[in-house]
Amino acid sequence: MLSSQGDSAKRKSLHGHWSSRMAFVLAVTGSAVGLGNIWKFPYIAGQNGGGAFVLVYLVCVIVIGMPVMMSEILIGRRGRRNPIATMELLGKEEGSSANWRWVGIMGVFAGILILSYYSVIAGWTLAYVVKSVSGVFAGASAAAVGTEFDNFVGDWRLIGLSHTIFMALTIFVVARGVERGLEQAVRFMVPALLVLMLVLLGYSINSGYFGEGVAFMFTPDFTKLTWNSVLAALGQAFFTLSIGMGAVMAYGAYLPEETSITGASVAVVGADTAIAILAGLAIFPLVFANNLDPADGPGLVFFTLPLAFGQMAGGVFFSTVFFVLLAFAAWTSAIGLMEPAVAWIVERFNRTRAQAAVMTGLLIWFLGFGSVLSFNVLAEFKFLAGTIFDNVDYLTSNIFLPLGGLLIVVFAGWVMCRNSTSDELGSSGTWYRAWRFLARFVAPIGILFVLASAIL
Ligand code: TRP
């Protein structure tokens, strides 16, 4: 099946193509912008001491995230298959080995594991839509908002139910397919989210603690930085950009030939980073204004934002809209997390997308209960990195994604011949040379160094 390739430019994806360059940029942006920006970035920046972490994160995004993103897209477009088949095909075509498929296999596995807990948190945002509409937060005190959160996540049936609803929504869109399902969800969500973040930012600026928030985020104190925080920053860069697990590779497989990979990558990385920074700027002033602890963990946005909305004129409205948008953002990311597994099942086992989506989705739904229970029944069951949720998160973000990214840049930078990559990236100019330098040297050495320093 994989033997006759000929000119890769003539390869077609089995799943159809994006209708335009804009559709691709929107889809990748939709997968990148999600809970990672608004839920995860503030809380791990808070846990890792702020400024120095943020600085390392930004450096990782630019010198490692960018080249990995470009490598993934170019590999995906050249192979035009699911990540496993693409890595196997290109491994052979470039005169290396079919074993490169293991990069794809690890990615499928990582996507399934990430979505298993991602869906649980996304379920929280759905529940917070309902809480917002019903006015629970109107005028509520910090203590009341905290109790509301603790009672909610403390009940495994409630968060199990919201996880179930979110997975059902995800399976539904994935089953409908590339063009109809994925594109439409994103077109409106990213701009709307941006507007809402600006509203929140406006509120934060007026909170009287904006200066503290900015100082916390941008004054680096390197004494607070351990190698584990550096690894967390690297892992966050991978997580937030959706790279290192073949999702962007799977999306790249549907990318029209003439689209500029560099341009698309710059747009996605720029939008994603802007939204994360905006989220931090909106949230940290509120943390300080309300005497909360920035290191409070996964509940951080679920205390700070409802509290702020509760005191705002029109708060019920803004709060509802915000959680709806966050749920949308999570939804468009969840779709991307499932895509490698689904594309693989469709191609390898000749299933329909709907069948593949249901099979993968049920597995993920089941695994998700490990994280559901981590916040209540099994909250005290801790090993290695903490609860089951903490371990799945640590293993995927801090190990699988950087390792996947390392193999991807090594493949694109060292295994693929210069002609193949310059053919896809479309030039031999400055951009190409910068990419190749980062992909061959800076990114692999950086990733290896951080992984080794944190783990050994
Ligand atoms: N980037 C997503 C977010 O920030 C999460 C994510 C990680 C993801 N890896 C992915 C999404 C792969 C889609 C595909 O919320």
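The values are calculated or read from the model by the stated rules, or taken from the named source; none is laboratory data. This is a predicted model, so every value here is computed, not measured. Backbone-built Cβ (ideal geometry, glycine too); neighbour counts: all protein chains shown. Surface accessibility is based on the protein's heavy atoms, side chains included, excluding ligands, DNA and RNA. Shrake-Rupley method; radii C 1.70, N 1.55, O 1.52, S 1.80 Å.
What FRET efficiency, computed as 1/(1 + (r/R0)^6) with R0 = 56 Å and r the Cβ-Cβ distance, is obtained for ARG187 and PHE449, rounded to the nearest 0.05?
The pair ARG187/PHE449 has a calculated efficiency of 0.90.
Mind checking Rg over Rh on region 207-348, alpha carbons, Kirkwood formula for Rh?
On the Cα set of region 207-348, Rg over Rh gives 1.03.
When you take every Cα atom in region 43-193, what is the radius of gyration, and what is Dmax, the widest Cα pair distance, in Å?
Rg, Dmax (Cα atoms, Å): 20.6, 65.
For region 349-412, compute Rh as the Kirkwood radius over C-alpha pairs and then the Stokes-Einstein diffusion coefficient at 25 °C and 0.890 mPa s; write the answer in µm²/s, rounded to an integer.
175 µm²/s
Probe of 1.4 angstrom, ligands and nucleic acids ignored: what's the accessible area per residue over the chain, in square angstrom?
Counting only protein heavy atoms, the per-residue value for the chain is 36 Å².
Heavy atoms only, probe 1.4 angstrom, no DNA, RNA or ligands counted: give me SER453, SER134 ranked by accessible area, highest first.
SER134, SER453
P(r) for the chain, please, calculated from all Cα pair distances in 10 Å bins and given in %.
5, 22, 33, 26, 11, 3, 0
Compute the length gained on full extension between ARG176 and PHE381: take 0.36 nm times their separation in residues and subtract their Cα-Cα distance, giving the result in nm to one decimal.
Net length gain for the segment: 69.9 nm.
First select every other residue whose beta carbon is under 12 angstrom from the beta carbon of VAL248; then total the charges, Lys and Arg +1, Asp and Glu -1.
With Lys, Arg at +1 and Asp, Glu at -1, the net is -2.
Mind giving me the nanometre distance, one decimal, between the label points for ARG433 and ALA274, set 7 Å out from Cα along Cα→Cβ?
Computed distance between label sites ARG433 and ALA274 equals 3.0 nm.
What number, rounded to the nearest 500 deg cm²/dmol, is the helix-based mean residue ellipticity at 222 nm of the chain, given -39500 (n - 2.57) per DSSP H run of at least four residues and division by all its residues?
Roughly -22500 deg cm²/dmol at 222 nm, from the helical runs in the chain.
So if a site counts as exposed when it's one of the GluC sites (Glu not before Pro), its DSSP state isn't H, G, I, E or B, and it has at most 14 other Cβ atoms within 10 Å, what's the longest stretch of the chain without one?
Longest stretch, sites excluded: 1-256.
Looking at this model, which pairs from LYS40/LYS92; LYS224/LYS382; LYS40/LYS382 are more than 28 angstrom apart at the alpha-carbon?
LYS40/LYS92
So which DSSP H runs in the chain come out at 27 Å plus along the axis (Cα) with average Kyte-Doolittle of at least 0.0?
101-133, 156-176, 184-205, 261-289, 315-349, 353-374
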